[in-house]
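Heads up, the thing below is written out as structure tokens.
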Amino acid sequence: MAAEKNGRDGGVQSLQRAFELLEHLADTGGEASLSELATLSGLPMPTIHRLIRTLVDLGYVRQNTNRRYALGARLIRLGENASMQFGSWARPLLAELVDEVGETANLAVLERDEVVYVAQVPSKHSMRMFTEVGRRLLPHGTGVGKAMLAHLPSDDVTALLARTGMPSYTEHTFTDQDALLRELAKIAQQGYALDEAEQELGVRCVAVAVPGAPVPAAVSVSGPSGRLTMEAVERIAPVVQRIATSLGSTLSRDGVTV
């Protein structure tokens, strides 16, 4: 124990274990008991207790009244700042996408079961789509969300849907789990997702997951359905795929993190 606490190697190991506990908390939906964390991590209970108490003292974990532990509010600032930095880095590629297709381009990530928009470059059209950076939506009702879910294991998707439910944003939103899972299989096969007025009436969106992103992420193009026709989708989808691949390649090459 002394070597882990004071030695150089031990310090790194403790840091690694602390982050692994945070990841385990996230995997359980954000709340777990000490015994559950011990089972998930394989660490002895005294080590779990010591690390959790340190994380609680720092504000990265909180203890609920039921004596279970949950992710702390201090993580929110870190996650939001990291997401915004990711968006700033990606904005030139989004601008390239807008120049080529003429419609608004967005970048979103999956954070705590929600889609968070982290960057947008608007279309030059007078009638254009606008999604506020920082806006949060449930993934089943958005093109970017469906694009990301299509690349997650099905068990992870069903667990997420059990936590969030499937409320409708419009009459076109998927509210049946089996129907959504069939849609996700189709998306995975064709390489892009469509939002057919599922989040906002009169709006169509083409979205593609970013390969190799450190967290689930997706790029999208959105516009009025009357302008972003299915014929336009056939032309635009390959461009969105190319930009998403460029984002993923740059992430791998430059080691950009979210």
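The values are calculated or read from the model by the stated rules, or taken from the named source; none is laboratory data. Predicted model only: the values in this text are computed from it and were never measured. Using ideal geometry, Cβ is built from the backbone for each residue, glycine included, and neighbour counts are taken over all protein chains shown. We work out accessible area using only protein heavy atoms, side chains counted, and drop any ligands, DNA or RNA first. Shrake-Rupley method; radii C 1.70, N 1.55, O 1.52, S 1.80 Å.
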* In deg cm²/dmol, rounded to 500, what helix-only [θ] at 222 nm does the chain give when every DSSP H run of at least 4 residues adds -39500 (n - 2.57) and the total is split over its residues? -> -16500 deg cm²/dmol
* Protein chains only, probe 1.4 Å: how do Phe174, Phe19 rank by accessible area, largest first? -> Phe19, Phe174
* Arrange the residues Lys146, Lys124, Lys186 by how much accessible surface each exposes, largest first, with a 1.4 angstrom probe. => Lys124, Lys186, Lys146
* **Solvent exposure ordering (accessible area, 1.4 Å, most first) of Thr245, Thr164, Thr47** => Thr245, Thr164, Thr47
* **Hydrodynamic radius of the stretch 79-254 per Kirkwood, over alpha carbon pairs, in Å** => 15.8
* To do: Please give, to one decimal in nm, the separation of the simple spin-label points placed at Ala70 and Arg227, each 7 Å out from Cα toward the Cβ.
  => 4.2
* With all protein chains present, calculate the accessible area of Asp178 using a 1.4 Å probe and round the result to the nearest 10 Å². => 90
* To do: Obtain the nm distance between the two label points defined at Glu132 and His172 by a simple spin-label model: each point lies 7 Å from its Cα along the Cα-to-C-beta direction.
  => 2.4
* To do: Using a 1.4 Å probe and ignoring any ligands, DNA or RNA, find the accessible area of Tyr69 and quote it in Å² to the nearest 10.
  => 10
* **Cα-projected label distance for Arg53 with Phe19, points at 7 Å along beta-carbon direction, nm** => 2.5
* Asked: How much of the calculated P(r) for the stretch 91-175 lies past 22 Å, in percent of all Cα pairs?
  -> 33
* Structure fact -> Rounded to the nearest 10 Å², the accessible area of Ser88 using a 1.4 Å probe with every protein chain kept is 70
* Asp156 to Leu201: FRET efficiency via 1/(1 + (r/R0)^6), r the Cβ-Cβ distance, R0 45 Å, to the nearest 0.05? -> 0.90
